[in-house]
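Asker: Structure in structure tokens, see below.
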């Protein structure tokens, strides 16, 4: 009797399995297709959730980073970018009569001796406080030079009279040019700006900027350093920016002379004006 019971149990247990296996193949395909569709839908939901999370996480970061300035040069060689900067800045500065204050001419650091262009290989800066001289080597591609030239003799400003207000305006223009250059030409470590001379003076005045001195300003929008949307005329006191302009430019204003090096090239010697 025991074998008979066992046989009945196996038959009862296997019957549902046999019935399932005997089901039409179309029905099995139907259930398989439904499972695949469900898995595909879940996969799409997962991908969409991940994408939404990325957009939500990165969106505020991107939108919260304002542009450094409303204008920026397009990419190019160092001299091409420097020319774009000069062409953008110079027309914004005007004389009282409406003409352009000065032309801004970018170039590699060179000086003219007769008919020859001599490269500036180094800058020697004499400290007003210690009297010591710090020599900075000018490696190719790491320094930029701008010449600010008026329409008068030897690049002097032809019209109007020299004044403290006009001098500060010219220094503002040099500062704005330097800030743009350091911001958009990251290989540049130092900038030499030859200032327009006074009509009756033969002295050559230079602003010498080094990146580390202006680095904190490059982390702020330009409008925080120079908040006026347009430079004032040289007959108007700049009460808004005066302190900032003087603090960033006067310690870097020098009288200059040149010494030719035996190895070739020239050394620019800078003595503080103040």
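The values are calculated or read from the model by the stated rules, or taken from the named source; none is laboratory data. In this text the structure is predicted, and so the values were computed from the model without any measurement. Glycine gets a Cβ as well: all are built from the backbone with ideal geometry, and neighbour counts include every protein chain shown.
Asker: Got a number for residues in the stretch 55-75 being at pLDDT 90 or above and either in a strand (DSSP E or B) or exposed (fewer than 13 other Cβ atoms within 10 Å of the Cβ) (or both)?
Answerer: The qualifying residues number 5.
Asker: Right, another one. If the requirement is being over 19 Å from residue 256 (Cα atoms), in the same structural domain as residue 237 (by TED's automatic domain parsing), surrounded by 22 or more Cβ atoms within 10 Å (Cβ to Cβ) and under 19 Å from the mean Cα position of the chain (by Cα), which of these qualifies: 146, 180?
Answerer: On the way: 146 fails: over 19 Å from residue 256 (Cα atoms).
180 is the lone residue from the list that is over 19 Å from residue 256 (Cα atoms), in the same structural domain as residue 237 (by TED's automatic domain parsing), surrounded by 22 or more Cβ atoms within 10 Å (Cβ to Cβ) and under 19 Å from the mean Cα position of the chain (by Cα).
Asker: Let me ask something additional. Taking the conditions exactly as written (buried (at least 18 other Cβ atoms within 10 Å of the Cβ), touching a residue at least 24 places away in the same chain (Cβ under 8 Å) and in a loop (DSSP other than H, G, I, E, B)), does residue 188 satisfy them or not? Full working, then the answer.
Answerer: Details: buried (at least 18 other Cβ atoms within 10 Å of the Cβ): yes; touching a residue at least 24 places away in the same chain (Cβ under 8 Å): yes; in a loop (DSSP other than H, G, I, E, B): yes.
When the stated conditions are applied, residue 188 passes them.
Asker: OK, next. Collect the residues in the stretch 108-123 that are surrounded by 16 or more Cβ atoms within 10 Å (Cβ to Cβ) and in a strand (DSSP E or B), keeping them in residue-number order.
Answerer: Filtering the stretch 108-123 down to residues surrounded by 16 or more Cβ atoms within 10 Å (Cβ to Cβ) leaves 108-109, 111, 118, 120-123.
Of everything in the stretch 108-123, those that are surrounded by 16 or more Cβ atoms within 10 Å (Cβ to Cβ) and in a strand (DSSP E or B) turn out to be 111, 118, 120, 121, 122, 123.
Asker: Could you check the stretch 124-143 and list, in sequence order, the residues that are surrounded by 11 or more Cβ atoms within 10 Å (Cβ to Cβ), free of Cβ contacts under 8 Å to residues at least 60 places away in the same chain and over 18 Å from residue 256 (Cα atoms)?
Answerer: 139, 142 - these are the residues of the stretch 124-143 that are surrounded by 11 or more Cβ atoms within 10 Å (Cβ to Cβ), free of Cβ contacts under 8 Å to residues at least 60 places away in the same chain and over 18 Å from residue 256 (Cα atoms).
Asker: Of these, 185, 175, 218, 169, which one is out of contact with any helix residue (DSSP H, G or I) (no Cβ under 6 Å at 6 or more places or on another chain), modelled with pLDDT of 95 or more and farther than 15 Å from residue 149 by Cβ? Outline the logic, then answer.
Answerer: Details: 185 fails: out of contact with any helix residue (DSSP H, G or I) (no Cβ under 6 Å at 6 or more places or on another chain); 175 fails: out of contact with any helix residue (DSSP H, G or I) (no Cβ under 6 Å at 6 or more places or on another chain); 218 fails: out of contact with any helix residue (DSSP H, G or I) (no Cβ under 6 Å at 6 or more places or on another chain).
It is 169.
Asker: A further question follows. Within the stretch 232-255, how many residues turn out to be without any contact (Cβ under 8 Å) to a residue 60 or more places away in the chain and in a strand (DSSP E or B)? Walk me through it before giving the result.
Answerer: The initial filter retains those residues of the stretch 232-255 that are without any contact (Cβ under 8 Å) to a residue 60 or more places away in the chain, namely 239-240, 243-244, 247, 251-252, 255.
From the residues that got through so far, the ones that are in a strand (DSSP E or B) too are 255.
Number satisfying all stated conditions: 1.
Asker: Scanning for something in a strand (DSSP E or B) and over 20 Å from residue 93 (Cα atoms), does the stretch 192-208 turn up at least one residue? It would help to see each step written out before you state the result.
Answerer: We begin by selecting, within the stretch 192-208, every residue in a strand (DSSP E or B); these are 192-194, 204-208.
Those still in the list that are over 20 Å from residue 93 (Cα atoms) too: 204, 208.
So far as the stretch 192-208 goes, yes, one or more of its residues are in a strand (DSSP E or B) and over 20 Å from residue 93 (Cα atoms).
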